[in-house]
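See below for the structure under consideration.
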Amino acid sequence: MGDIARRNNIPKKFLDAILSELRNAGFVYSRKGKAGGYSLARPADEIKIGHVDRVLDGPLAPIPCASKTRYQPCGDCDEATCQIRRLMLDVRNAIADVLDNTSLTQMCDMGGPEVLIAETMTA
Amino acid sequence: MSTSSGRLSVTIIGGGASGVLLAAHLLRNRDTDIRVTLIERRGEFGQGLAYSASQRDHKVNVPARGMSAFADDPEHFWRWLQQRGYPSSHGSWVFVPRRLYGAYLEHVLREAGKSNPGRLLVMSEEVMAVRESKNGIETLLANGTSVVSHSAVLAVGHETQPARSRGIAVRVGSERDTPLPADAEVMILGSGLSMVDAWLSLADANHRGPITVVSRNGLLPKGHRDVPPLSIDSADVPFGTSLPYFMRWFRDLVDETKKRGGDWRSVVDGLRPYNQRIWQSWSGHTKRQFLRHLRPWWNIHRHRLPPELHERLVAAVASGQVKLVAAEFVGVERAEGQVRAEIRRRGSSTREKLGVARVYDCGGVSVDVLSSSNPVIRDLVAHGRARADALRIGLDVNEHCAVIDHAGKVTEKLLVIGPLTRGRFFEIEAIPDIRVQAATLAARILSHA
């Protein structure tokens with residue numbers, strides 16, 4: 001874990017919070033002890049980015065009024081006529097469509113610092 | 001042997017609800033020249049295990065408004081009911097007798113044939129095997145002939161297992177289900193919808209004797225209420241998580257809904273469009289956990305009873321006539337004109353024996369294709385042309401419902417519809433799900449025209 005934090009330049013405490021949420025949701029599991037640490041609970045190509053994102057950030061809503069289960073009104077607009085909200089509902093569906101069809105493996109293939117995390121975790 | 005001409009041809013094996021729905025969808029577009037051969041061994045079409053006349057006055061467990069043969073024409077069944085003079089005073093949130101639904105399916109099939117002269121052939125034959133041939137699929141019949149078509153679809157639906165315990169336990173409605181003295185004590189194994197059917201048959205025969213219902217969990221199906229489904233979006237659903245995480249989300253949503261004055265049924269029904277996706281997003285481990293620990297609990301909330309029937313059942317339990325026992329069924333033996341059933345109550349390590357006049361086996365539908373009573377399924381599995389899915393609850397199929405053989409190779413021309421695909425889709429037992437699958441399959445078959 002210290003390895004992931006160092007290589008990706010993120011605070012260990014922050015990483016700890018993320019990993020613990022991911023563990024609760026069943027995406028990673030942890031082992032105690034000297035040879036312990038975190039590993040992916042499923043093959044990387046089965047883990048979809050959209051599924052992980054819902055766990056870390058809640059419903060895939062671009063703005064709070066575009067979520068159905070975590071709905072919050074904006075307070076300064078009339079929802080029935082709000083064009084932005086209608087547009088954002090489409091945006092939300094588009095987001096879900098992309099993220100739910102992208103696996104961790106595919107994201108790794110795109111490169112970037114996430115590669116390091118995934119490599120460390122599957123190693 | 002009938003040979004296939006140049007036009008697109010499909011053989012559907014099984015003429016129950018799934019087979020009829022597929023035939024109707026295939027014949028909906030009159031512009032496509034297609035030959036559909038529908039083969040059913042019983043010679044009654046649309047009357048599979050669920051909707052046969054033997055079910056007498058048993059009701060469909062889904063309101064009429066959800067039972068149209070076509071998802072894009074939701075009023076189709078209701079219009080048919082109206083044309084037949086079914087009372088409309090209570091609206092379409094009514095639960096019709098199952099045999100009436102069987103008659104509707106027959107009507108749907110007849111109409112499909114009438115509006116497509118020469119394109120639908122129905123046969124009363126038993127299918128023994130299917131073989132991949134150069135031109136497609138050859139379907140071998142019990143009478144020694146065969147049908148060749150470009151593709152074939154297995155629509156064999158539900159099948160019941162033989163009753164347990166070397167034929168001492170009895171299936172409701174089977175030949176051995178002879179009349180009983182009205183005050184005889186009986187035991188029913190299983191507490192799901194099949195048990196309700198058995199209890200109803202007994203109640204309708206004015207049975208007065210005590211009825212002990214034994215199941216692992218002792219859970220009764222819940223009743224329907226006319227509440228709208230909660231509007232849930234796919235962006236809200238936590239796909240791919242562990243079971244405890246998902247259940248926490250689900251329970252929180254139920255609690256919030258109740259706090260706003262809503263009903264848990266709205267959450268269960270609101271989730272319905274996503275059930276297949278949720279199932280598919282789970283790991284093998286999570287699926288197994290669900291089947292082992294949550295399935296009975298899910299079933300009673302998801303597959304509910306018409307409200308009047310539920311009230312009657314609850315009243316029968318309250319009166320003491322029906323006794324619910326959470327126990328494991330160990331076995332049954334004949335003893336002095338009676339049968340003696342052995343059970344072990346939940347939480348107890350000792351077994352006890354109960355003497356009853358008859359044990360009804362309502363353990364639900366068979367899911368193990370390896371012990372199928374259907375010759376075509378047995379033949380496919382025995383020759384390695386098909387295999388059980390990883391969870392052993394149906395046949396292994398790919399995302400397009402094509403059969404996967406023992407080596408993992410897909411046979412594109414051999415497809416499956418209905419409950420046998422539950423390993424991949426899980427919720428594929430009710431008309432609202434099967435009609436969508438029929439539409440998808442039909443579109444795919446027709447795209448090869």
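Before moving on, here are some points about what is shown:
- The number of residues in segment B:105-155 being in contact with a helix residue (DSSP H, G or I) (Cβ under 6 Å, 6 or more places away or on another chain) and not in a strand (DSSP E or B) comes to 5.
- Scanning segment B:236-269 for residues that are surrounded by fewer than 21 Cβ atoms within 10 Å (Cβ to Cβ), over 28 Å from residue A:28 (Cα atoms) and within 11 Å of chain A (Cβ to nearest Cβ) turns up B:256, B:257.
- Counting only helices (runs of 4 or more DSSP H) that sit completely within segment B:200-284, those holding 2 or more residues that are of a type in the set (Val, Ile, Thr) and over 30 Å from residue B:328 (Cα atoms) correspond to B:243-259.
- Strands (runs of 3 or more DSSP E) fully within segment B:299-414 counting 1 or more residues that are at pLDDT below 95: B:322-335, B:338-345, B:352-356, B:358-361
- Those residues of segment B:183-209 which are under 12 Å from residue B:359 (Cα atoms) and surrounded by fewer than 20 Cβ atoms within 10 Å (Cβ to Cβ), in sequence order: B:184, B:185, B:190
- Residue that is farthest from residue B:85 (Cα to Cα) [pool: residues in segment B:101-122 that are charged (D, E, K, R) and more than 25 Å from the chain's Cα centre (by Cα)]: B:119
- Residues of segment B:216-235 satisfying the condition of being among the polar types (S, T, N, Q) and either more than 8 Å from chain A (Cβ to nearest Cβ) or over 29 Å from residue A:43 (Cα atoms) (or both): B:217, B:231
The values are calculated or read from the model by the stated rules, or taken from the named source; none is laboratory data. As the structure is a prediction and not an experimental result, all values here were calculated from the model. Don't worry about glycine lacking a Cβ; one is built from the backbone with ideal geometry, like all the others, and counts go over all protein chains shown.
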